[in-house]
Amino acid sequence: MNAPLLTSFAINIRTHRKAVLILMALLLVLGGLGASKSQVDNSLPVWQTTDSPEWLAYQQFLDRTQLTDPLIILIPEQIAWAQMSKINTSFTNLSAIGSCQATLVDTVQGEKATLFNIVPIPDASQSQLAGILDQVEPVLQSYKIDSYYLGGVWYLTKELDNLSGMATTVLFPVVLLVVTIVVFLLCRSATILILSCGLIPAVLLVGIMGFSGVKMNMVLLALPPLTLILGMAHAIHFCIKQWDAKETAASLFSRVAPPCILSGLTTALGFASLLFSSYGPVQQLGFWGAVGTLLSLGITFILVPVFVKPMQFSRKIVLPQHTSDFISRNRSKILITLALTLILAVVGIGRLQKGSLILEFFTDNSTVRTNYQNIEDAGIGLTPIEVDFFTRELSRDDLAPHLKQLAAEYKEITHFILSMDNQTTQVVSLAAKMLIPEFYLPNLKVERLTILIRTISSEETLAIADNIEAFFQNNVAASAMHYVTGSVPLYTSGQKQLFSSMLKSFSLAFLSISLLIGILLRSLKIGLIAMVPNLLPVVFVVAVMGWVNIPLSVATMTVASIIFGIVVDDTIHMLYGYQNQPKTMSASQRLDCVFKEVGSPIITTTLVTGTGFLAFLASPFIPLGHFGLLISLALWMALLCDFFVLPVLLLGGEKHV
């Protein structure tokens, strides 16, 4: 790259120190203002492709039925009809409530309970749904009812949003504190500079997303930590570097900047390649991942030339001399260890659970799990699967043998709710008996069937939904239109689509990144070699998930984006340094020079970020704890791959002397 141009840039920007300080302060303030507008949204539309046939059919279904998932309230006692009627009226009068139905229930334990089924108005906003939850407790307390349990699809989603948003807001400062302590211990005088290079772009990214109206979800929540890591990694490479005797800040910048530019651009292009995915959430991850990567690079390139000072680290971690000789002597052992580890990884991947039980995102003693456990233990399933019979002429008597067969096959089913063409509802109870007066008219047409099942994992739920679809296609009438619809089947199919889309997209991104490295470093061999350390940390982390029973969920899937960013950064610094050593040197000598140049920054970055993200283990939101643990493991695995596997590949057939 053009060293004089980089030197000139550094010299010019150093003359504008006050302007840089003012600019950074403004960016931080603007980022903070935008971040204050940021919201978390994991609702159904987030995970759907707007032009998919299933989603369009669901929209038509909603327009026709005006269906809204209800809020279920179970009171574990029998309430007198007069008081039940008053409570029902109070709920009906709340804002954003479409209807409310109360009934007595005989639980599977043989006890009496009272059930309220509160249906919001169609197309209720997230704030209106949150308002309903806020009003439930005051209403019940006004009738001196203290013991009750809540459940329902959107209730669970709102609690998921609240917990993930709160956990991130509370724990991110804790992570930052831990990172600050580690940076201070390792790079005392450079602490503020390194933290600024990570924190400012991370806050700015969230701010831009907030101003743009982009809501965070369980995929996008990975981007602020990624931006923080990349910014700090860039800064550490400048601050902890071997300095020549007459080195200046400008000359240092021109020397270290090229691999940082290559790293930032290739990572950004890798994220940008996700834009070619057909799935919206992956496209969003690609766009904002590229923006965060470029922000971390840009902010670092503005701050470093102005504030970096030679030899400002306090404790520099240096690799032993002749590390390459040690690796060369132990090449066989390293390869054997790698082979054994890969075998264990294959076994671990085979044990990996795909899909997750959403209740396991919450701690065992959480209010959400307590609510769901008590309602479903009473015999009321909280997961609805809708079956649309609008175009079919089916009566209850026609459906009766089919329902009997489904009930025998799926023990997870607790109720069938039949919505008739005269706007009445009939309930078939398989578990808790709902004491609803029923006017049995056998010839009424059934327009919609709601099947309530117990809350199980997403994969199991999707399997049941697919099997029910196949059942009605085979036993009622084959149809190009799907019978099964509803928010839950769409949630689970969206999650499955996310997995497959991210797997394909990231595989292509890793491949394109490695080839791009080869092109930029003018060596196809180097590009092919780069694929190995880029992929191995992902393989090892997925294997660990299998061994320790961490399921592949929306939250853990996002760890791939963190690995994607940091592994590419470390690998490029290693390979750029290797390629720019004199070709007259042997591979071992070139590696020793590389270890001397970039070994310390890579180790320091791993120590800082790997330790910091372990703080997420304290989160009450289980996926966030897994997120922190897996990122930390991935960072250390990336370090081992770059320091042992990559050198073995670069040494190739060179014989040790």
Need one number: % antiparallel among DSSP beta bridges in the chain, to the nearest 5.
95 percent
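Could you tell me whether region 150-287 comes out rounded, prolate or oblate from its Cα gyration tensor? Rule is a ≥ b ≥ c as square roots of the eigenvalues, rounded for a/c under 1.5, then prolate if a/b exceeds b/c, otherwise oblate.
Values: a/c = 3.53, a/b = 1.69, b/c = 2.09.
The shape class here is oblate.
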Per residue, how much accessible area does region 134-208 show when a 1.4 Å probe rolls over the protein heavy atoms, in square angstrom?
40 Å²
Taking θ as phi - 60°, what are the ³J(HN,Hα) couplings along region 292-298 by the Karplus curve (6.51, -1.76, 1.60), each to the nearest whole Hz, with x for Gly and Pro?
x, 4, 5, 4, 4, 6, x
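Which value in Å does the Kirkwood hydrodynamic radius of region 516-582 take, with 1/r averaged over all unlike C-alpha pairs and then inverted? Don't skip to the answer; put the middle values down first.
Working: mean 1/r = 0.0755 Å⁻¹.
13.2 Å is the Kirkwood radius here.
Tally Lys and Arg at +1 and Asp and Glu at -1 over the other residues with C-beta under 10 Å from the C-beta of Thr157: what net charge comes out? Don't jump to the answer; show the numbers that get you there.
Details: positive: Lys158; negative: Asp41, Asp69, Glu159, Asp161.
Taking every other residue near Thr157 into account, the sum is -3.
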Treating cross-link reach as a plain straight distance, find the lysines whose alpha-carbon is under 17 Å from the alpha-carbon of Lys158, omitting any fewer than eight places away in the same chain.
Lys215
List the aspartates and glutamates whose Cα lies under 19 Å from the Cα of Lys596, skipping any in the same chain that are fewer than 8 positions away.
Asp244, Glu247, Asp325, Asp569, Asp570, Asp642
Given (i) -0.41, -0.54, -0.94; (ii) -0.39, -0.52, -1.03; (iii) -0.30, -0.41, -0.88 as possible values of log10 I(q)/I(0) by the Debye sum over Cα atoms at q = 0.06, 0.07, 0.10 Å⁻¹, the one from the coordinates is (i)
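Where only protein heavy atoms count, and the probe is 1.4 Å, what is the accessible area per residue for region 7-90 in Å²?
Values: 4760 Å² over 84 residues.
Per residue, region 7-90 has 57 Å² of solvent-accessible surface.
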Over the chain, with every protein chain in place, what whole percent of the accessible area is carbon and sulfur at 1.4 Å, could you tell me?
62 percent
Cα centroid distance between region 472-493 and region 101-172, in Å?
28 Å
With n ≥ 4 as the cut-off for DSSP H runs, can you work out [θ] at 222 nm for the chain, using -39500 (n - 2.57) per run divided by the number of residues, rounded to the nearest 500?
-21000 deg cm²/dmol
Under the Karplus relation with 6.51, -1.76 and 1.60 and θ = phi - 60°, whole-Hz ³J(HN,Hα) for region 84-96, x at Gly and Pro, equal 4, 5, 5, 4, 4, 5, 4, 5, 4, 7, 5, 5, 6
Report the full-extension gain for the segment Ala463 to Ile317: residue separation times 0.36 nm, less the Cα-Cα distance, to one decimal in nm.
47.4 nm
Hey, what do the phi angles of region 419-430 turn into as Karplus ³J(HN,Hα) couplings, whole Hz, using 6.51/-1.76/1.60 and θ = phi - 60°, x for Gly and Pro?
9, 9, 6, 9, 6, 8, 10, 10, 10, 10, 8, 9
Taking amide H atoms as placed 1.01 Å from N in the peptide plane, list the residues 5 or more away in sequence, or in a different chain, whose amide H sits under 5 Å from that of Ile97.
Ile121
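The values are calculated or read from the model by the stated rules, or taken from the named source; none is laboratory data. Just so you know, these numbers come straight off a predicted model, no measurement behind them. A quick note on method: Cβ atoms are made from the backbone with ideal geometry, for glycine too, and the neighbour counts reach across all protein chains shown. Note: accessible area is taken over every heavy atom of the protein model, side chains too, but ligands, DNA and RNA are not part of it. Shrake-Rupley method; radii C 1.70, N 1.55, O 1.52, S 1.80 Å.
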